[in-house]
């Protein structure tokens with residue numbers, strides 16, 4: 001990982017790179033393709049927050065959050081909707097970086113909790129999210145286990 005790590009909005013110039021990201025074969029049933037996530041983002045532009053993860057000039061992953069504080073379901077107030085790191089880039093800290101950036105954006109928007117849902121099972125991402133501090137809530141969303149991370153508050157506030 002280099003100092004050039006950043007998130008960028010998905011644009012006409014980089015959408016192909018986003019859609020070309022490939023997972024490991026054993027992960028393909030656990031994470032939706034980036035193109036599907038972008039289709040959701042297109043239909044919910046006021047809620048979706050899709051970003052391409054860059055290391056220098058190299059796209060290495062994709063993250064999308066939903067920020068919908070008016071939703072009757074608190075799951076979607078600050079929701080980590082999708083995280084996909086290219087197969088050749090996994091294990092390099094990119095996922096940790098992206099989740100941290102989603103948390104910062106949630107705090108910037110006044111949220112004190114970030115949620116995520118994922119397919120349970122030994123090949124799923126539960127361990128990754130637990131290492132980042134997410135804790136299962138006991139709830140399920142469309143068959144996926146829900147976990148939450150409680151945030152300290154808006155940036156600059158302790």
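A few points about this structure:
- Scope region 136-156; condition surrounded by 12 or more Cβ atoms within 10 Å (Cβ to Cβ) and free of Cβ contacts under 8 Å to residues at least 40 places away in the same chain; matching residues: 136, 137, 140, 144, 145, 147, 148
- Of all residues in region 99-127 being out of contact with any strand residue (DSSP E or B) (no Cβ under 9 Å at 6 or more places or on another chain) and closer than 25 Å to residue 26 by Cβ, the one that is modelled with the lowest pLDDT: 123
- Looking across region 32-80, just one residue is free of Cβ contacts under 8 Å to residues at least 24 places away in the same chain and buried (at least 20 other Cβ atoms within 10 Å of the Cβ), and that is 66.
- Test: residue in region 61-68 that is outside any helix (DSSP H, G or I), over 19 Å from residue 8 (Cβ atoms) and at pLDDT 95 or above: yes
- Residue 18 falls short of the stated requirement of being more than 17 Å from residue 103 (Cα to Cα), assigned to a helix (DSSP H, G or I) and at pLDDT below 90.
- Entry remark, region 1-31: residues being in contact (Cβ under 8 Å) with a residue 12 or more places away in the chain and farther than 20 Å from residue 117 by Cβ number 17 in total.
- Region 98-114, residues that are touching a residue at least 40 places away in the same chain (Cβ under 8 Å), surrounded by fewer than 20 Cβ atoms within 10 Å (Cβ to Cβ) and either in a helix (DSSP H, G or I) or touching a helix residue (DSSP H, G or I) at 6+ places or on another chain (Cβ under 7 Å) (or both): 101, 104, 105, 107, 108
- In region 69-97, residue modelled with the highest pLDDT [restricted to those that are part of a loop (DSSP other than H, G, I, E, B) and within 17 Å of residue 21 (Cβ to Cβ)]: 93
- Options 133, 127, 93: the member that is surrounded by fewer than 22 Cβ atoms within 10 Å (Cβ to Cβ) and under 24 Å from residue 59 (Cα atoms): 93
The values are calculated or read from the model by the stated rules, or taken from the named source; none is laboratory data. Computed from a predicted structure; not experimentally measured. For neighbour counting, all protein chains shown are included, and Cβ atoms are generated from backbone atoms with ideal geometry for every residue, glycine included.
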